[in-house]
Amino acid sequence: MRNIVFTALALLLAAFAAKAVIDVKKEMEHSGRQLQYADGLRKETERIPHSIKADGSLNDRETSWWTSGFFAGNLWYMYEYTKDPRWKTLAEKWTAPLKPEQYNTGTHDLGFMLYCSFGNGYRLTRNPEYKDIMVQGAKSLATRFDPKVGLIKSWDKFREHNYPVIIDNMMNLEFLFWASKETGDPSYKNIAVTHADNTIKHHFRPDNSSYHVVCYDPTGRPIAKVTHQGAADNSPWARGQAWGLYGFTVMYRETKEKRYLEQAQKIADFYLNHPNLPADKIPYWDFDRPGEERDASAGAVAASGLLELSGYSADKGKKYASAAEQMLGSLASPAYQAEVGKNNGFILMHSTGHKPGKSEIDVPLVYADYYFLEGLMRYEKLKNGKELF
Ligand code: GLY
């Protein structure tokens, strides 16, 4: 059945390809030149490319920042695509500084930080040192799960609350499935399943959009449903919707439980049917703020997630694949993609990180580039009738 779905998608994408909607080879070459330029702008790897500051200068961040794994991830994706060992060398160079983060128990974002960097590196090289680092990282992440609450604690504190959980946390569960498969210890995947089930229970509104932050009491009772990066507590922050879509798609991949597929599809349908989704399908930073800044990072995450979801969705698969193709096509256009040598070496322009915090508004963000590259490679695989996983 899955093969039939993938074949149908391949035919659909081939039909689009006949119209040359996205030339993946050209996009990867362009991105590669830009990544080389970005590397050349830096003399050391102590701080990691993240974004730019309001004055236009580089906003590189410390390795403990949640986005530290994406630049290395971009380089690993270039290695995966080109098989050119020069990309491997560069990826290793930007992966190595993240090693101390395996012991970081102060964040839920170890999935982003370690799985996108060491995880891609291990998948492509089988370097045993990378595996040990990741197993330790998964142990550190698991310390943030309190069985009485039934969720991983995203941050240590949010306002007066001691157990905040953000929808973004869904993105760090894939790492736990990897850890169970590698170690044979089911406790990691059990944490992921419990977290995802409680997220379905408490994080969604009747229209299938999600709150950004849900805060829990020590017994696991939700006591506040609020926002941090969205326009309002009740508004659908665009990137949060994209994180949920992608995260529940991964949950279905890893468990084959129908409830996760249904949740991912509900989120996708909310996103794609929203009257404020612009014609180019790259959302405004919040669905309740039409006309304001876009968030290309949400567009890239949603595109990559939808491409995977399309392969699991017999009836809606075509719609998801064609929307994802349109999103990637928009991102690959000059409206979002920077010329080589511009944009401080980032591939995409026009992302929004934290508008209510008055920071990272209409800027490049390294994770937009990561999910764009991932989406391009997924698109090409599907077009060629290959399975993604
Ligand atoms: N995980 C933080 C963000 O999406 O901005």
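Rule-based calculations on the coordinates, nothing more; no lab input. Every value quoted in this text rests on a predicted model; they were computed, and no experiment measured them. A quick note on method: Cβ atoms are made from the backbone with ideal geometry, for glycine too, and the neighbour counts reach across all protein chains shown.
Being within 16 Å of the ligand (Cβ to nearest atom) and under 17 Å from Ala303 (Cα atoms) is true for just one of Tyr367, Tyr379. Which residue is that?
Residue meeting the stated conditions: Tyr367.
Considering only residues that are surrounded by fewer than 18 Cβ atoms within 10 Å (Cβ to Cβ) and of a type in the set (Val, Ile, Thr), look in segment 223-245 and name the one that is nearest to the ligand (Cβ to nearest atom).
Val226
Mind checking whether some residue in segment 52-61 is of a type in the set (Ser, Thr, Tyr) and either in contact with a Lys or Arg (Cβ under 9 Å, 6 or more places away or on another chain) or in a helix (DSSP H, G or I) (or both)?
no
Any residue in segment 232-256 that is free of Cβ contacts under 8 Å to residues at least 60 places away in the same chain sitting within a Cβ distance under 7 Å of a residue that is outside any helix (DSSP H, G or I) and within 11 Å of the ligand (Cβ to nearest atom)? List the pairs, counting only those 6 or more apart or interchain.
Pairs that qualify, where the first residue is free of Cβ contacts under 8 Å to residues at least 60 places away in the same chain and the partner is outside any helix (DSSP H, G or I) and within 11 Å of the ligand (Cβ to nearest atom), are Trp237/His212; Trp237/Gln229; Trp237/Gly230.
Does segment 349-364 hold any residues that are of a type in the set (Lys, Arg) and within 11 Å of the ligand (Cβ to nearest atom), and which are they?
The one that is of a type in the set (Lys, Arg) and within 11 Å of the ligand (Cβ to nearest atom): Lys355.
Out of everything in segment 257-273 that is polar (S, T, N, Q) and in contact (Cβ under 8 Å) with a residue 12 or more places away in the chain, what residue ends up being surrounded by the fewest Cβ atoms within 10 Å (Cβ to Cβ)?
Filtering segment 257-273 for residues that are polar (S, T, N, Q) and in contact (Cβ under 8 Å) with a residue 12 or more places away in the chain, the one surrounded by the fewest Cβ atoms within 10 Å (Cβ to Cβ) comes out as Gln265.
Within segment 42-72, track down each residue that is over 17 Å from Leu348 (Cα atoms), surrounded by fewer than 16 Cβ atoms within 10 Å (Cβ to Cβ) and over 21 Å from the mean Cα position of the chain (by Cα).
The answer is Lys43, Glu44, Glu46, Asp55.
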